[in-house]
Amino acid sequence: MPGAGARFLSFPLDPRRIKPILAFAISGGLLLPSAAAAAVAAYSGLLRALSLSPSPSPSLALPLFRLMLRSSLSPDPFSLPSLLRSCASSSPLLALALHALALRRGLLPHPHVATSLLHSYAASSSSPGLLPHALQLFDEMPRRTAVTFNALLSRLARNSDAGRAHGLLLFSRMLSSGPTPNADTLAAALLCCAGLGALALGRAAHALAARRGAARAPQLGTSLVHMYAKCGSLDSARRVFDRAMPARDASAWTAMIAALAAHARGEDAVYLFDEMVGRENLSPDSLTFTCALHACAHSGMAERGLKLFDENAERRAGRIEAAERVVSSMPFEPNRAVWGALLHACAHNADPTLAEKLGKRISELGLGLGFDVGVSNLYARVGRWEEVGEVRDRMVERGVQKEKGFSSVEVNGEVAKFLVGDVRHPLTLEIYDLLERIGAVIMVFDG
């Protein structure tokens, strides 16, 4: 039986055992081109075992696959999916190369191969140039399942506004003529709505989920909270969290804390954090901590933010030893959100010594434009104008330009985006006229 020699490899393979297993396979004649069927099955089994290991390594899988090709053996439909899983963390261009190989070898009609390639493209969200290949692959697939729709939809949801709009068109196509969407499909569609600020479409997706009995799925509840918060409907997000999520995991609590923090409801966010850790006895992860810290920093509760990591210590916000202790005592590596929250809190406190220390540290990390501007503003707040000039000079040398802020609003089913100082909107004159009249009314009542 062709696959009998590789059947023992249907379990995760410790990479350290690859050499003795290869020696066994070679000595047993399992990898000889003369016994092509058995050799292909053995190679496929080895690749699958490597892909199932806790830390799949392309450094082992790729040489094994090259050895298979050099032996004049044609990979079967199960070899490429295993190789793609092992190489998920390698260069995104590898998916493109394996796509070409599958096309040459006539493997694309096999659903396992096409779906695995689509998942690889979907995982390469940092390489927008691969998106057209993913779309072409999807369109050429003879049979599309919910899994293939979900893979592409999740990729589009993490793309630009144009990609998210394409994702919603794909979702509509799935509803009209594709397989039945599941909770993962609806979660990806809600992510598209959140990115576009498309509240009406998000509500429609919510209604569809409710009709199909999927609204109470844990991952969908979290997606609904995120969508409503991003679209500006905090009350709807809170209703979903309070009433429609009977089983709330840590990600659901984190989504609601993040929503409250983003809407300047810092006290409510911290109260929810305390409830999560205390009453619910859930362990917050790094994202939960940073959301709570963000809420404190942007709601004038710097001291409460410092105490998040040591409730029993009494310290004054802005002291150098306090800020350093917060960072060093975090149960995770401080990320951009943590540094941003601390930067905001320190700017509020305006401690010159701390400003110098924190400013230098953030500048060394090279965290990007927003942090450069924040450090510059921090130095300006404490009167360190020489340092302000140095930061601005570095930004000019790197060709950095500050992006204009914008807001978006949905009107009659269309999302309008407004940039700061932008006059390109066709109703610009009417909008500014209305703003002036609103301002005049406010001044009358304030006066």
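Read-outs: derived from the displayed coordinates by stated rules, not from any lab. None of these values were measured; they are calculated from a predicted model. So basically every Cβ, Gly included, is an ideal-geometry build from the backbone, and we count neighbours across all protein chains shown.
Along region 151-160, what does the Karplus equation 6.51 cos²θ - 1.76 cosθ + 1.60 (θ = phi - 60°) give for ³J(HN,Hα), rounded to whole Hz, x for Gly and Pro?
4, 6, 5, 5, 5, 5, 5, 9, 9, 6
Rank by packing, highest mean first: peptides 104-113, 44-53, with packing defined as the count of other Cβ atoms within 10 Å averaged across residues.
The packing order, highest mean first, is 44-53, 104-113.
From the phi angles alone, apply the Karplus equation (6.51, -1.76, 1.60; θ = phi - 60°) to region 270-276 and give each ³J(HN,Hα) in whole Hz, x where the residue is Gly or Pro.
5, 4, 5, 4, 4, 5, 4
Pop out the Kirkwood hydrodynamic radius of region 149-247 from its pairwise C-alpha distances, inverse of mean 1/r, in Å to one decimal.
13.0 Å
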